[in-house]
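Reviewing the structure listed below.
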Amino acid sequence: MLDISHIPSQQQSTFIFYATGNFQTFTKPRNAKFIEIFCLGGGGGGGHCIISAGAVTGGGGGGSGGIVRGIIPAFLIPDILYILVGKGGAGPKASNNTGGSGGISYISLDGTISEQTLICKSSTSTPGGGQANGNAGAAASVAVPALSAFGNLGLFTAIAGVAGVAGGANTGANGNSQNALGSNLIVGGAGGGGKTASVRGNGGFINAATVVLTSTVTGGTTAGQDGNNGYGTLQPFCGTGGAGGAGITTGTGGRGGDGYYGCGGGGSGGGSIVTKAGDGGDGLVIITVIS
């Protein structure tokens with residue numbers, strides 16, 4: 001009898017799963033020998049400052065998600081795996097709000113996130129959102145694949161996220177900046193600029209000028225200017241958080257930039273009118289089949 005059940009997958013070796021909010025399925029192709037996994041969680045959203053005509057601290061940048069990558073002999077796993085990709089945390093649109101936490105990404109045997117059913121998950125804790133008082137969002141904590149019995153089927157490397165950075169002080173200081181590709185593939189967001197009734201600061205930037213990420217992600221540099229979105233590449237995979245918005249003495253502070261996949265959103269700039277903080281980048285799961 002002709003076996004046609006795996007024909008749609010026979011010519012495909014790389015499967016990319018994006019954040020949908022629901023479980024998706026991966027069907028193991030026939031003749032697969034090994035399965036390589038890259039599991040990235042979503043980044044935290046930037047923080048929205050407190051709106052005031054007086055002194056205001058810029059919003060903090062959101063933290064980045066964790067990464068787990070590994071390889072498993074294909075004969076040790078079932079024909080179907082269930083993938084849940086973590087969404088990025090939302091950057092708030094209202095005064096005095098912490099950015100949303102990023103979501104953890106999961107690879108499961110049965111479509112649940114119970115530890116006993118997991119092949120792996122991107123981190124142990126979610127990355128935190130930036131805060132309205134300027135404090136940075138926390139990094140996602142490193143995953144421990146061995147905590148799941150089925151995490152012992154393969155060889156895994158787990159990498160913690162990177163925290164965002166603080167917003168500028170309410171003296172009108174610039175938002176703090178972030179360095180990309182220092183020791184991790186992805187980073188948290190930059191901080192928004194602070195302000196007083198008469199002085200305002202620029203948004204923090206992401207220093208991304210490298211052989212791979214060739215441009216600095218600039219924060220707002222004029223009154224109320226938005227921070228730029230983060231950017232990155234899939235080959236080689238790496239990315240940046242969003243830059244911070246600039247402060248303004250009277251009016252709408254700059255919006256924080258959105259993060260690249262798994263990266264944190266930038267904090268909003270201080271102002272007297274509501275703006276928006278940057279969204280954290282969604283997670284990503286990539287499965288490569290070695291036949």
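Kirkwood radius and radius of gyration were both taken over the C-alpha atoms of the stretch 1-146, and their ratio Rg/Rh is 1.15. Taking amide H positions as modeled 1.01 Å from N, with prolines and chain starts lacking one, the residues under 5 Å from residue 197 and 5 or more places away or on another chain are 55. Placing pseudo-labels 7 Å out from each Cα toward the beta carbon at residue 157 and residue 36 gives an inter-label distance of 1.1 nm.
Counting other C-beta atoms within 10 Å, which of 260, 18, 231, 106 has the fewest, and how do the rest follow?
Listed from fewest to most nearby Cβ atoms, that is 18, 231, 106, 260.
One way to sum up the overall shape of the stretch 153-240 is the equivalent ellipsoid from its Cα gyration tensor, whose semi-axes run 30, 14, 8 Å, largest first. For the stretch 60-186, taking the reciprocal of the average inverse distance between every pair of different Cα atoms yields a Kirkwood hydrodynamic radius of 15.8 Å. Here each label is just a point 7 Å from Cα along the line to Cβ, and for residue 286 and residue 94 those points are 3.9 nm apart. The convex hull of the Cα atoms of the stretch 200-291, projected and averaged over all directions, covers 6.0 nm². Site-free segments of the chain were taken between trypsin sites (Lys or Arg not before Pro) in DSSP loops having at most 16 other Cβ atoms within 10 Å, sites themselves excluded; the longest one is 94-291. For the stretch 28-84, what is Rg from Cα atoms divided by 2.2 N^0.38 Å, rounded to two decimals? Taking the Cα Rg and dividing by 2.2 N^0.38 Å, one obtains 2.06. With contacts taken as Cα pairs under 8 Å at a separation of at least 6 residues, the stretch 164-212 carries a relative contact order of 41 percent.
Taking the alpha carbon gyration tensor of the stretch 107-166, what are the square roots of 5 times its eigenvalues, largest first, to the nearest whole Å?
Numbers: eigenvalues 163, 29, 8 Å².
Listed largest to smallest, the semi-axes of the stretch 107-166 are 29, 12, 6 Å.
Near residue 36: Cβ cut-off under 13 Å, other residues only, Lys/Arg at +1 and Asp/Glu at -1. The net charge is +3. Computed over Cα pairs, the Kirkwood radius of the stretch 59-116 leads via Stokes-Einstein (1.306 mPa s, 10 °C) to a diffusion coefficient of 112 µm² per second. About the centre of its Cα atoms, the chain shows a dipole size close to 380 debye [charges on the beta carbon of Lys, Arg (+1) and Asp, Glu (-1) only; nearest 20 debye].
What the phi angles of the stretch 101-117 give under the Karplus curve with 6.51, -1.76 and 1.60, with θ = phi - 60°, is a coupling list of 6, x, x, 7, 9, 10, 10, 10, 7, 9, x, 10, 10, 4, 3, 6, 10 Hz, glycine and proline written as x.
Read-outs: derived from the displayed coordinates by stated rules, not from any lab. Fair warning: this is a prediction, and the values are worked out from it, not measured in the lab. Every residue, glycine among them, receives a Cβ derived from its backbone with ideal geometry; neighbour counts consider all protein chains shown.
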